[in-house]
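This report concerns only the one structure given below.
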Amino acid sequence: MAEIIVKNGFVIDPARKIDGDVADVAIKDGKIVDKVGSGAKVIDAKGKVVMAGGVDVHAHVAGPKVNVGRLFRPEDKLFKSPMAQDKFRVESGFSIPSTFKTGYDYARMGYAFVMEAAMPPLHSPHVHEEIHDTPIIDEGALPVFGNNWFVMDYLKKGEVENTAAYIAWLIKATKGFGVKLVNPGGTAAWGWGLNCLSLNDPVPYFEITPAEIITGCLKANEYLGLPHSVHIHQNNLGNPGNYQITIDSLKLAEGIKPKNKFGREQVMHSTHIQFHSYKGSNWGDFESGAKEVMDYVNKSKGLTIDLGCVTLDETTTMTADGPFEHHLNGLNHLKWANVDVELETAAGVVPYVYDPNIKVCGIQWAIGLELGLYAKNMDRTFITTDHPNAGPFTRYPRVIKWLMSKKAREATLNSLKHKDKVIDATHIHGIDRELTLYEIAQMTRSGPAKCLGMSNIYGGLAPGMNADVAVFDLNYKNMPSDPEKIEKAFQRAACFIKSGEIVVKDGEVLDHGHKRTVWVNVKMPENPQVKRDIAQSFTKDYTVGIDNYPVRDYLVPHPFVIDVNVEA
Amino acid sequence: MATVTLKPTKVPELMLEGYTISPDTFAGKTPAQIAGLEGREGKIKVKLGDFFEVSGSPGKTATETDIVIAGDCSRVKYIGNKMTAGSITVNGNADMYVGGWMKGGRIHVTGNVHSFCGIAMEGGEILVDGKAENYVGCAYRGDWRGMRGGTIRIKGSAGNDIGTFMLGGTIIIEKDAFIHVSTHAEGGTVIIKGDVEGRVGGQMVKGDIFVLGKIKYMLPGFKKIATVEKEVDGVMATFDHYIGDLGERHPKSKGKEIFANLYVKAAA
Ligand SMILES: [Zn+2]
Ligand SMILES: [Zn+2]
């Protein structure tokens, strides 16, 4: 592989505490190196910012519910499917882009790794087929466990070790990455037409509470020492007044210590926290709970969060939180789809318009940004839109603009129909903080990479790391006064090198690159009871035989496997 | 007003997607520039000049521009796509999506139109002397935002799915229609002067339907509440007034539940 040198850029690499030093980044054989020979290809980054490739900790980009969204929203593609360019595949869709558009758009923004945030285990082959069909970017996927019958059965009896053994088996079978919980207990209750809106609502039949599921999974995760922590979509999402249950759920992480060999420091990642930071008792007196939530997060080292910013777009909501989607459909009367996946999970899909003329949408927009602006430790706070739930991932540059510029926030605030009511219900108008490029790099590079236990691979520019290098047309020493230029620069990288190959130049995709699927292989001593339980359940309950269940190797032709050894 | 004439010179082998045939795109251009405007035939980019001889010249703005297509457009889709002003006359038939997403101006087709005529239309007028296939004034596939304004008049008959998800505007079918009228509608008016087979107003929340002929199969979700005299498109008649769809949700306005109205001409 050719050598490349990215010359004279303002390097921003929080993993090494480098903030704007003018330096060269050398690349050889897909890795960052100390130096290269004089024959290396030169990328001139003079007057531009150089960062590691972006790392997205949470997005819904592949799998059955994403595809349900694509299928049942042809209108999402209307007039948004330009003809294919030479050598490239057609791109279509806005909030639920085709796999090709997904890969191209992430690359255009200089992203190297994306975590698919909810993989239904039974459908993991489909998830991997779509991941393989998404060019350029590396991806992993989190199987969902929060409503899994095995997990609930073991944890009801307090059997953390058996839970861990089952988790290890399922992650391996699905070629997954870690432990995702979505509305723990609530989605299982949905099978009876119910939900778990508090941490102590028992799940019908299983007689276990969300609090017990969460605590048990936190313990099992650390028992295994996985690279990533438990990754949770909390209960009672999207309802006024839920900030209290959010803080109560976060408190469950107190007293649990991270135990892993991957440099991860948190034990719980709480995702799309915007949807969980609501005060008020109904949509009439709805207001921001961002301050209360961040006061707790800021003092709790064992936590990381991602924002889930509302971008004020027409989008598509999709979660493994079936009851929430049904509830949402009751509010907006648009179409909905709901899919149950046997013993494991259930998903819902509903289109949603975050309308700047609606007060609630304006407040949601403000809350997402407030959470980022109240954050004290940017290495624990990540930029997401819970793509596509609060907005498409292609809006990250816009979120960055809002976080970096009060002027941009005020301009959007002024465009809201109920501006004054939004100001009354939120704090955004009074916050002057403007994040720096260094802080943005923490939130999109070093932070999420560390949270996923991959800080030696992604999110930094130290020699030995994967050569994912993004160059943005922003002058560190002389930032534009027009915030639109910030958005534009992050939307279309001046150059993006992925695994040592130049894949984007001036915002245009040049190459399909060499994508990889990252999965975690847990090796642990055999647990005969769990093995027997799984075999029995497959004979009795499943529609597929156990031999047909695991993801075959041919579905993951470019694996990057992280081994985890659990001692007996 | 200034007139541009397009004379068909070649029948497209596949369908021609003629989305640039609109006063908005033609305005201010020379005939040569108009002939150079792009279209699609399947996955291939083509030029309007490959299929039409362009003569005359457009006005400076869409409002000042009339387009006459002097011949058959049975294989030309998207005529008048998103147009905002001016006029288009098709002397012959037109394929799918005539006047789709149209915001203003006038379209007159002297022959028949295929499906999706006036899809998601917001304003302006479409007049078809012949008949229409399916999906007159409907919403785009999957979309819940159908026709919002303007008028579509089909002098002949029409097929299925008229005014699906309609929110406003008027559709007049002067002869018969088949099934699915104003499905999911939340506004607007559909007038059918002939007979309808059935499924009229299914899941309709708001809006009006007038049928001057007969409905062969009424939906059970509609209930007769009165007999009324009404003038419809210049015709005075007595109608049985039904409300529905009782199986749908019923939003409230000023404390009163809202229903869609279906008026069927009373038997003499
Ligand atoms: Zn979620
Ligand atoms: Zn999510």
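The values are calculated or read from the model by the stated rules, or taken from the named source; none is laboratory data. Values in this document were obtained by computation on a predicted structure and should not be read as measured data. All Cβ positions, even for glycine, are placed from backbone atoms using ideal geometry, and neighbour counts span all protein chains on display. Surface areas here come from the heavy atoms of the whole protein model, side chains and all, with no ligands, DNA or RNA. Shrake-Rupley method; radii C 1.70, N 1.55, O 1.52, S 1.80 Å.
Dipole check for the range A:428-568: with +1 at the C-beta of Lys and Arg, -1 at the C-beta of Asp and Glu, and the Cα centre as origin, the magnitude is about 220 Debye. Taking the alpha-carbon distance from B:LYS43 and a cut-off under 12 Å, which aspartates and glutamates remain once sequence neighbours fewer than 8 residues away in the same chain are dropped? Correct list for B:LYS43: B:GLU17. On full extension, the segment bounded by A:TYR554 and A:ASP133 gains 150.3 nm, given 0.36 nm per residue less the C-alpha separation.
Residue by residue, the range B:210-220 carries 3J(HN,Hα) couplings of 10, 10, 8, x, 10, 9, 5, 10, 6, 7, x Hz when phi is fed to the Karplus relation 6.51 cos²θ - 1.76 cosθ + 1.60 (θ = phi - 60°); x denotes Gly or Pro.
For the range A:362-423, the residue among A:HIS418, A:MET378, A:THR394 whose Cα projects farthest onto the positive side of the dipole built from Cβ charges is A:HIS418.
Expressed as a whole percent, the accessible area of chain A that falls on carbon and sulfur atoms is 50 (1.4 Å probe).
Under 5 Å between amide hydrogens, built in the peptide plane, is the criterion, and for A:ILE18 it picks out A:ASP13 among residues at least 5 positions away or on other chains. Within the range B:10-43, the residues that become at least 30 Å² less accessible when every protein chain is included than when their own chain is isolated (1.4 Å probe; DNA, RNA and ligands ignored) are B:ARG40.
Straight-line cross-link partners of A:LYS421 among the lysines, defined as a Cα under 27 Å from its Cα and at least 8 positions apart when in the same chain: A:LYS279, A:LYS291, A:LYS359, A:LYS401, A:LYS406, A:LYS407, B:LYS252, B:LYS254.
Sorting the segments A:147-154, A:349-356, B:5-12, A:447-454 by their mean number of nearby beta carbons within 10 angstrom, highest to lowest, gives A:447-454, A:147-154, A:349-356, B:5-12.
Loop-located trypsin sites (Lys or Arg not before Pro) in the range A:493-568 (DSSP state not H, G, I, E or B) with no more than 10 neighbouring Cβ atoms inside 10 Å: A:ARG552. Once C-alpha pairs closer than 8 Å and six or more residues apart are averaged by separation and normalised to the residue number of chain B, the relative contact order reads 10 percent. Which of the pairs A:LYS172/A:LYS219; A:LYS65/A:LYS376; A:LYS301/A:LYS523; A:LYS417/B:LYS103; A:LYS219/A:LYS301 have their Cα atoms more than 23 Å apart in this structure? Check vs 23 Å cut-off fails for A:LYS65/A:LYS376; A:LYS301/A:LYS523; A:LYS417/B:LYS103. Each label was represented as a point 7 Å from its Cα along the Cα-to-Cβ direction; for A:LEU334 and A:ASN456 these points are 4.5 nm apart.
Taking only the C-alpha atoms of the range A:108-231, Rg followed by Dmax gives 15.2, 49 Å.
Using R₀ = 51 Å, calculate the FRET efficiency as 1/(1 + (r/R₀)^6) where r is the Cβ-Cβ separation of A:VAL42 and B:ARG145; round to 0.05. Taking R0 as 51 Å, the efficiency between A:VAL42 and B:ARG145 is 0.50. According to the calculation over all Cα-Cα pairs in the range B:135-194, the P(r) per 5 Å bin from zero is 6, 23, 34, 24, 11, 2 %. A Förster radius of 45 Å, combined with the Cβ-Cβ distance separating B:ASP72 from A:VAL353, puts the computed FRET efficiency at roughly 0.65. Efficiency by 1/(1 + (r/R0)^6): what FRET value for A:GLU207 and A:ARG16, r their Cβ-Cβ distance, R0 = 51 Å, to the nearest 0.05? Using R0 = 51 Å, I get an efficiency of 0.50.
Among B:LEU219, B:LEU37, B:LEU14, whose mean-square fluctuation peaks in a Gaussian network model of chain B (Cα, cutoff 10 Å)? Largest GNM mean-square fluctuation: B:LEU14. At a probe radius of 1.4 angstrom, the accessible area of the range A:316-377 per residue rounds to 29 square angstrom. Surface exposure of the range A:191-302, expressed per residue as accessible area with a 1.4 Å probe, stands at 36 Å².
Take the accessible area of A alone and of B alone, subtract that of the pair with a 1.4 Å probe, and the total buried over both chains is about 1100 Å². Surface exposure of the range A:434-568, expressed per residue as accessible area with a 1.4 Å probe, stands at 45 Å². Span-like helix check, chain A: no full DSSP H segment qualifies, none having both a Cα axial length of 30 Å or more and a mean Kyte-Doolittle of -0.5 or more.
List the aspartates and glutamates whose alpha-carbon lies under 12 Å from that of B:LYS155, not counting same-chain residues fewer than 8 positions away? Reachable aspartates and glutamates: B:ASP129, B:GLU174, B:ASP176.
Over the range B:172-268, the pair-distance histogram of Cα-Cα distances with 10 Å bins from zero comes to 17, 53, 26, 3 percent, rounded to whole numbers. Multiplying the residue separation of A:HIS326 and A:ASP563 by 0.36 nm and subtracting their alpha-carbon distance yields 81.4 nm. Here's the picture: charge each Lys and Arg Cβ at +1 and each Asp and Glu Cβ at -1 in the protein assembly as shown, and of A:GLY37, A:CYS361, A:ALA535 the one pushed furthest to the positive end of that dipole is A:GLY37.
Remark: chain A carries a charge dipole of roughly 980 debye about the Cα centre, counting +1 on each Lys and Arg Cβ and -1 on each Asp and Glu Cβ.
Basic side chains Lys and Arg get +1 at the Cβ, acidic Asp and Glu get -1 at the Cβ, and with that the dipole of the range A:149-274 about its Cα centre reaches some 480 debye. Working from label points 7 Å from Cα in the Cα-to-Cβ sense, the A:GLU342 to B:ASP195 distance is 5.3 nm.
For the residue pairs A:LYS259/A:LYS515; A:LYS31/A:LYS101; B:LYS224/B:LYS256, the alpha carbons lie more than 22 Å apart in A:LYS259/A:LYS515; A:LYS31/A:LYS101. Counting Cβ atoms of other protein chains within 10 Å of each residue's Cβ and taking the mean over peptide A:76-86 gives 2.
Which residues of the range A:319-341 end up with at least 20 Å² less accessible area in the presence of all protein chains than when their chain stands alone, using a 1.4 Å probe? Going by heavy-atom accessible area, the residues of the range A:319-341 that drop by at least 20 Å² are A:HIS333, A:LEU334, A:LYS335.
Since only B:TRP144, B:TYR19, B:VAL232 are under comparison, the one whose Cα sits farthest along the positive direction of the charge dipole of chain B, derived from C-beta charges on Lys, Arg, Asp and Glu, is B:TRP144. For chain A, adding -39500 (n - 2.57) for each run of n ≥ 4 DSSP H residues and dividing by the number of residues yields -9000 deg cm²/dmol at 222 nm. Annotation for B:LYS155 and A:PHE88: the two label points, set 7 Å from Cα along the Cα-Cβ direction, are 4.9 nm apart. In this view, the solvent-accessible surface of A:HIS123, computed with a 1.4 Å probe and all protein chains in place, comes to about 70 Å².
Under 19 Å from a label point set 7 Å out along the Cα-to-Cβ vector of A:SER537, the amide N atoms of the range A:103-136 belong to A:118-125.
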